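Worksheet for the structure shown next.
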Amino acid sequence: MPDQRFEIRFEKHHFLPQTLVVPAGRPLDIKVVNASAERIEFESFKLNREKVVAPSETVTVHLK
């Protein structure tokens with residue numbers, strides 16, 4: 001189970017918040033909420049993660 005959970009939302013063509021500050025070396029979950037009517041990609045090269053999120057859907061990105 002992750003130590004912490006965070007949420008980011010995509011709406012009006014922006015991710016909010018644009019930056020997350022998280023503790024290093026601890027597991028965490030990032031809930032990605034697509035509040036728009038379009039399909040989006042949550043992509044982070046630094047985290048080596050990429051997820052496609054359908055309109056009005058939510059996905060959880062697990063980081064160890």
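The values are calculated or read from the model by the stated rules, or taken from the named source; none is laboratory data. In this text, all values refer to a predicted model and were calculated from it rather than measured experimentally. Because the Cβ atoms are built from the backbone with ideal geometry, glycine has one as well, and the counts that use them run over all protein chains shown. These area figures cover heavy atoms from the full protein model, side chains too; ligands, DNA and RNA do not enter into them. Shrake-Rupley method; radii C 1.70, N 1.55, O 1.52, S 1.80 Å.
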Taking residue 38, is it at negative phi, touching a residue at least 12 places away in the same chain (Cβ under 8 Å) and part of a loop (DSSP other than H, G, I, E, B)?
-> yes
When you go through (1) surrounded by 11 or more Cβ atoms within 10 Å (Cβ to Cβ); (2) farther than 11 Å from residue 61 by Cα one by one for residue 31, which number turns out not to apply?
-> (2)
Residue list for the stretch 29-47, filter: out of contact with any Asp or Glu (no Cβ under 6 Å at 6 or more places or on another chain) and under 19 Å from residue 4 (Cβ atoms) = 29, 30, 32, 33, 42, 44, 46, 47
Is it true that some residue in the stretch 45-60 is free of Cβ contacts under 8 Å to residues at least 24 places away in the same chain, open to solvent by 90 Å² or more (accessible area, probe 1.4 Å) and touching a Phe, Trp or Tyr at 6+ places or on another chain (Cβ under 9 Å)?
-> yes
Name every residue in the stretch 20-35 that is at pLDDT below 95, among the aliphatic types (A, V, I, L, M) and in a loop (DSSP other than H, G, I, E, B), in order of residue number.
-> 20, 21, 22, 24
What number goes with the only condition from (1) outside any strand (DSSP E or B); (2) under 10 Å from the mean Cα position of the chain (by Cα) that residue 50 does not pass?
-> (1)
Across the stretch 1-19, which residue is nearest to the chain's Cα centre (by Cα) among those that are modelled with pLDDT of 90 or more and open to solvent by less than 50 Å² (accessible area, probe 1.4 Å)?
-> 8
